[in-house]
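Engineer: Take this structure, written in structure tokens, and hold onto it; I'll ask about it next.
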């Protein structure tokens, strides 16, 4: 496996056992302790940025407006608000309800659509 | 006028981006990775999912540290902002007094954080310190190493001593930029001192005060060195503010996963407050 260490496929059984080194297991990557879940998350963030750049290419100017919060926002602001509030929605779900976190993800997406349309 | 569009300028951003990548983005990504895993060192990590976030969100210890942190920040803002404005209003506006006052005011700002902590530690020691000994001689039962109320009092006093000057200097700059014509007009109208302050000086200081509140909020919300040197978070956990508690968890107990989850929650709070203040400042800009 080339991803032996990089993607922390470890379980409790493998604690304190020496592991064979995979192709990507140079110090830098292992030190960062990547998992496929967090890697997916950051790829999603990067994807968001790429989409924002493409969107800006298509419709320059960032479509500024005064939204329902009375704030002057552009597309970038709306993305920031969506991402930050999705963090709070997930944390709130974890703290108050707990299981079935994917519902919080769905709520976040709905909220993001709301933010992009009205804020 | 047509501006030439030249996207090559983005290449000038690369050095900054590399710098930020190494001192902010990569460490932050690592913290996110740690927050979902358990480790015993030796670069071995076990996936734990959202367990640490749940644990932190319902932990009494985090709530207490957050409560102490918010209380501390509110107290020092409530003292430093009015006190800073008051001092700035009463500072001389011309003559030899100006440079003397400005230099005196800047002095505490120039002292390194850990030196401030050490100074106040010695200053407040109940047996040999000037402050501690004097208070005890006056009949107060003062011992900041054993009584949490005294520890709070000393920490707040230290922060007020260290940072009120910043508010003073900013407010003073704001006051000096007011045109004399406003005061003359107020005098003709027979405005009271309070009316002058309320309707001329305060609105004119709004911008600098927003910046002052933001700076004081951020600095006090992330305060670490001074209380660490002064009280070490004690007695007990009485002055263990968020960052002190975080370091205790990460380096003291080596609970890297929970500490990473806690620092992310901490980060979100700071980010939100920054965003709110940024919007307030932008609104001030567009209004003026």
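Engineer: Limited to the stretch A:65-95, what total is found for residues that are surrounded by 11 or more Cβ atoms within 10 Å (Cβ to Cβ), within 12 Å of chain B (Cβ to nearest Cβ) and touching a strand residue (DSSP E or B) at 6+ places or on another chain (Cβ under 8 Å)?
Structural biologist: Residues that pass the stated criteria total 4.
Engineer: I've got another one for you. Could you tell me whether residue B:139 is part of a helix (DSSP H, G or I) and either surrounded by fewer than 19 Cβ atoms within 10 Å (Cβ to Cβ) or at pLDDT below 90 (or both)?
Structural biologist: Spelling it out, it is not the case that residue B:139 is part of a helix (DSSP H, G or I) and either surrounded by fewer than 19 Cβ atoms within 10 Å (Cβ to Cβ) or at pLDDT below 90 (or both).
Engineer: Give me the pairs: first residue in the stretch B:48-64 and closer than 17 Å to residue A:89 by Cα and facing chain A (nearest Cβ under 10 Å), second residue at pLDDT below 90 and surrounded by fewer than 13 Cβ atoms within 10 Å (Cβ to Cβ), beta-carbon distance under 8 Å, and six or more apart or on different chains, which are they?
Structural biologist: Between residues of the stretch B:48-64 that are closer than 17 Å to residue A:89 by Cα and facing chain A (nearest Cβ under 10 Å) and residues that are at pLDDT below 90 and surrounded by fewer than 13 Cβ atoms within 10 Å (Cβ to Cβ), the close pairs are B:54/A:98.
Engineer: Residues of the stretch A:99-108 being in contact with a helix residue (DSSP H, G or I) (Cβ under 7 Å, 6 or more places away or on another chain) and within 11 Å of another protein chain (Cβ to nearest Cβ), which ones?
Structural biologist: Across the stretch A:99-108, the qualifying residues are A:101, A:104.
Engineer: Restricting the stretch B:30-39 to residues that are more than 7 Å from every other protein chain (Cβ to nearest Cβ) and out of contact with any strand residue (DSSP E or B) (no Cβ under 6 Å at 6 or more places or on another chain), which is farthest from residue B:257 (Cα to Cα)?
Structural biologist: Selected residue: B:31.
Engineer: Can you find a residue in the stretch B:224-232 that is in contact with a helix residue (DSSP H, G or I) (Cβ under 9 Å, 6 or more places away or on another chain), on the phi > 0 side of the Ramachandran plot and either assigned to a helix (DSSP H, G or I) or surrounded by 15 or more Cβ atoms within 10 Å (Cβ to Cβ) (or both)?
Structural biologist: yes
Engineer: Among the candidates B:87, B:56, single out the residue that is buried (at least 18 other Cβ atoms within 10 Å of the Cβ), out of contact with any strand residue (DSSP E or B) (no Cβ under 7 Å at 6 or more places or on another chain) and closer than 26 Å to residue B:216 by Cα.
Structural biologist: B:87
Engineer: Ok, one more. What are the residues in the stretch A:76-106 that are part of a helix (DSSP H, G or I) and more than 17 Å from residue A:44 (Cα to Cα), if any?
Structural biologist: A:77, A:88, A:89, A:91, A:92, A:93, A:94, A:95, A:96, A:101, A:103
Engineer: Among the residues of the stretch B:80-124, which ones are closer than 22 Å to residue B:196 by Cα and touching a residue at least 12 places away in the same chain (Cβ under 8 Å)?
Structural biologist: Of everything in the stretch B:80-124, those that are closer than 22 Å to residue B:196 by Cα and touching a residue at least 12 places away in the same chain (Cβ under 8 Å) turn out to be B:80, B:81, B:83, B:84, B:85, B:87, B:88, B:89, B:91, B:93.
The values are calculated or read from the model by the stated rules, or taken from the named source; none is laboratory data. No experiment lies behind these values; they were computed from the predicted model shown. Cβ sites come from the backbone with ideal geometry, for glycine too, and all protein chains shown count toward neighbours.
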